[in-house]
């Protein structure tokens, strides 16, 4: 069985994000970038399936600027077999990413696609779902457990009411939630070996996709600074303030 | 092997994350239990941390010195006990075989040392002999095709965990100096080898040392590192191992100092006295600035010396300078860290007093500060005589 995993290069989760002075976006110059944590979980799941003998090849895909190669290398160091970089300077939005992934799925014909449920930069939570729709494949989103059966993928999903298990027949798209697994640290020898694994570079045009954004960012703002709270002397005072100042009751 | 910048930065990123997320939360527990949890040791093995300086052909990473010091800076950011466990395999416990070993010795030992399956330990110090090689008493007496080793080794790092020892023993009973000493590679499970109880140390709990006693331990001639051709050459092997070790220790000291400076800065911003953070007081600022400048100086020394060593330049003077300066520096930085933390620095909860005790060892092992001074000054005088 062949698995395709998509990984996104995002601002590292430890970085304190700052808005650019022209408010066109967040500052990316000289900022540490790393793999979206949900995608790390996706890579780990694919590697575990391979270690369990259920998967024969893991293809890692990333999209964006040339630097995304590093993100692919990280995934290869964790256990991916080869990489594909869809290189573009375009402002990639979920639909364009899903279209590129569909074109790659058509080309690579994997049996399973695993992606993070969302990326920690824009938190869109759309790519996996859009891809499943474009492919006409069943989807298991927010997976906290993935089991491969005979022609079926059983996915336990984290939903508001608790856990739901869906059985996906045939080829499927799975998006990963936090509790699916704990990603490994790539070993130092594997990081060095990953250097020798192949990464193919293609452009959106090669895949027949126009990556032009459908949404326009007007302005990016810092969250409003939180005001200091006040202590109230009595319940009556609290109710009075909630009613007349906060106007919430 | 020189790595491309991208691979090196990935290595460093991974080590930093491992140190910050996996090792640092365990510092207090390791000190309390005087043991590193087995699953963490396995994680360290899986990461490849035991084989940094062992050639790739034998399953290690084969890092250049300038790459190894970058990793050691990061390993210094947590309790030295973790580094100690992998330290001998990367340094004195393996480098004798890497530098002077026969092909058989290399292929027999190095892959298992690189994976961490086998821990290597370095048996030089004795009850009556430390820096003074001439007084080394452990003997290796020829007996047919074998040698019989007798003697006691003291303060041997990782001996309780070791699977193989590099043992220095006098093979020429008539010699009174370093010239009659050979280095043997000795499996720890041979009959006649016994261990003393673990030493009760001032710090670095979780890292273990003890006596190793050799009682008529029979080893073949082929156990001499480099084979019979290197009979009586043991000290030359030891000296070659030391430059790398001194640079490694120097970089660990820099790492610990940088960690303590970060902890001190965080505390300086958080702790308030007289209505403002103590970091706003100039006397605290002076301590922070002194620590920063000294740690930075040591970092530059280590990086420059490592770069020169990779170019094949003899750095024995500079490596001794690095070990001496960095170990003394981290002692001062740890002292200031306690001072900046005040009462919090003296009680165990913050871990600062633990580092203060841990770093004391750096000025003592792998050549005391005083031995480094001798090495540096003797090399200077020797060079000056050729002016």
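Among the residues of the stretch B:12-49, count how many are outside any helix (DSSP H, G or I) and either on the phi > 0 side of the Ramachandran plot or within 14 Å of chain A (Cβ to nearest Cβ) (or both). Here the count works out to 2.
At pLDDT below 95 and either closer than 29 Å to residue B:46 by Cβ or in contact with a helix residue (DSSP H, G or I) (Cβ under 6 Å, 6 or more places away or on another chain) (or both): does that describe residue A:148? Yes; evaluated as a whole, the condition is true for this residue.
Taking the condition closer than 30 Å to residue B:52 by Cα and within 17 Å of the chain's Cα centre (by Cα), does residue B:240 pass? Steps first, answer last, please.
Details: closer than 30 Å to residue B:52 by Cα: yes; within 17 Å of the chain's Cα centre (by Cα): yes.
So residue B:240 passes the test.
So, residue A:221, is that one away from chain B (no Cβ under 14 Å), loosely packed, with under 10 Cβ neighbours inside 10 Å and in contact with a strand residue (DSSP E or B) (Cβ under 7 Å, 6 or more places away or on another chain) or not?
Working: away from chain B (no Cβ under 14 Å): yes; loosely packed, with under 10 Cβ neighbours inside 10 Å: yes; in contact with a strand residue (DSSP E or B) (Cβ under 7 Å, 6 or more places away or on another chain): yes.
Spelling it out, residue A:221 is indeed away from chain B (no Cβ under 14 Å), loosely packed, with under 10 Cβ neighbours inside 10 Å and in contact with a strand residue (DSSP E or B) (Cβ under 7 Å, 6 or more places away or on another chain).
One residue alone among A:79, A:116 is in contact with a helix residue (DSSP H, G or I) (Cβ under 6 Å, 6 or more places away or on another chain), surrounded by fewer than 23 Cβ atoms within 10 Å (Cβ to Cβ), closer than 18 Å to residue A:47 by Cβ and at pLDDT 95 or above, and that residue is A:79. Would you confirm whether or not the stretch B:50-57 contains a residue that is buried (at least 24 other Cβ atoms within 10 Å of the Cβ), within 14 Å of chain A (Cβ to nearest Cβ) and part of a helix (DSSP H, G or I)? Scanning the stretch B:50-57 turns up at least one residue that is buried (at least 24 other Cβ atoms within 10 Å of the Cβ), within 14 Å of chain A (Cβ to nearest Cβ) and part of a helix (DSSP H, G or I).
Criterion applied to B:144, B:192, B:151, B:163 was being surrounded by fewer than 24 Cβ atoms within 10 Å (Cβ to Cβ), at pLDDT 95 or above and more than 26 Å from the chain's Cα centre (by Cα), and the one residue passing it is B:192. The residues of the stretch B:124-138 that are in contact with a helix residue (DSSP H, G or I) (Cβ under 7 Å, 6 or more places away or on another chain) and either assigned to a helix (DSSP H, G or I) or not assigned by the TED database to the domain that holds residue B:205 (or both), listed by number, are B:133, B:134.
Taken over the stretch B:58-87, the residue count meeting the criterion of being surrounded by fewer than 24 Cβ atoms within 10 Å (Cβ to Cβ), at negative phi, within 13 Å of chain A (Cβ to nearest Cβ) and not in a helix (DSSP H, G or I) is 1. The set of residues from the stretch A:1-53 being over 21 Å from residue A:100 (Cβ atoms), surrounded by fewer than 21 Cβ atoms within 10 Å (Cβ to Cβ), in contact (Cβ under 8 Å) with a residue 60 or more places away in the chain and in contact with a helix residue (DSSP H, G or I) (Cβ under 9 Å, 6 or more places away or on another chain) comprises A:1, A:13, A:37. Just one of B:241, B:217, B:212 is surrounded by 23 or more Cβ atoms within 10 Å (Cβ to Cβ) and assigned by the TED database to the domain that holds residue B:324; which is it? So the residue among B:241, B:217, B:212 that is surrounded by 23 or more Cβ atoms within 10 Å (Cβ to Cβ) and assigned by the TED database to the domain that holds residue B:324 is B:241.
Among the numbered conditions (1) in contact (Cβ under 8 Å) with a residue 40 or more places away in the chain; (2) touching a strand residue (DSSP E or B) at 6+ places or on another chain (Cβ under 7 Å), the only one that residue B:241 does not meet is (2).
Of the listed requirements (1) under 28 Å from residue B:71 (Cβ atoms); (2) at pLDDT below 90, residue B:157 misses just one: (2). When you check residue A:132 against the structure, is it more than 14 Å from chain B (Cβ to nearest Cβ), buried (at least 18 other Cβ atoms within 10 Å of the Cβ) and farther than 30 Å from residue B:63 by Cβ, yes or no? Yes. Taken over the stretch B:219-230, the criterion of being under 15 Å from residue B:142 (Cβ atoms) and out of contact with any helix residue (DSSP H, G or I) (no Cβ under 8 Å at 6 or more places or on another chain) is satisfied by B:219, B:220, B:223.
Here are A:165, A:141, A:175, A:156: which of them is surrounded by fewer than 18 Cβ atoms within 10 Å (Cβ to Cβ), away from chain B (no Cβ under 14 Å) and touching a strand residue (DSSP E or B) at 6+ places or on another chain (Cβ under 6 Å)?
Working: A:141 fails: surrounded by fewer than 18 Cβ atoms within 10 Å (Cβ to Cβ); A:175 fails: surrounded by fewer than 18 Cβ atoms within 10 Å (Cβ to Cβ); A:156 fails: surrounded by fewer than 18 Cβ atoms within 10 Å (Cβ to Cβ).
Going through A:165, A:141, A:175, A:156 in turn, just one is surrounded by fewer than 18 Cβ atoms within 10 Å (Cβ to Cβ), away from chain B (no Cβ under 14 Å) and touching a strand residue (DSSP E or B) at 6+ places or on another chain (Cβ under 6 Å): A:165.
Looking at the stretch A:1-107, the strands (runs of 3 or more DSSP E) lying wholly inside it that each contain 1 or more residues that are under 19 Å from the mean Cα position of the chain (by Cα) and more than 14 Å from chain B (Cβ to nearest Cβ) sit at A:2-6, A:9-11, A:57-64, A:82-87. Can you tell me which residues in the stretch A:194-218 are exposed (fewer than 12 other Cβ atoms within 10 Å of the Cβ) and within 14 Å of chain B (Cβ to nearest Cβ)? Scanning the stretch A:194-218 gives a single hit, A:196.
Scan the stretch A:181-193 residue by residue and report those that are within 20 Å of the chain's Cα centre (by Cα), in contact (Cβ under 8 Å) with a residue 24 or more places away in the chain and within 14 Å of chain B (Cβ to nearest Cβ). Break it down into steps so the answer makes sense when it comes.
Step one: of the stretch A:181-193, the residues within 20 Å of the chain's Cα centre (by Cα) are A:181-186.
Still in the running and in contact (Cβ under 8 Å) with a residue 24 or more places away in the chain: A:181-184, A:186.
Correct list: A:182, A:183, A:184, A:186.
Inside the stretch B:88-123, residues that are in contact with a strand residue (DSSP E or B) (Cβ under 7 Å, 6 or more places away or on another chain), crowded, with 24+ Cβ neighbours inside 10 Å and in a loop (DSSP other than H, G, I, E, B) make up a count of 3.
The values are calculated or read from the model by the stated rules, or taken from the named source; none is laboratory data. This structure is a prediction, so every number in the text was calculated from the model and none was measured. A quick note on method: Cβ atoms are made from the backbone with ideal geometry, for glycine too, and the neighbour counts reach across all protein chains shown.
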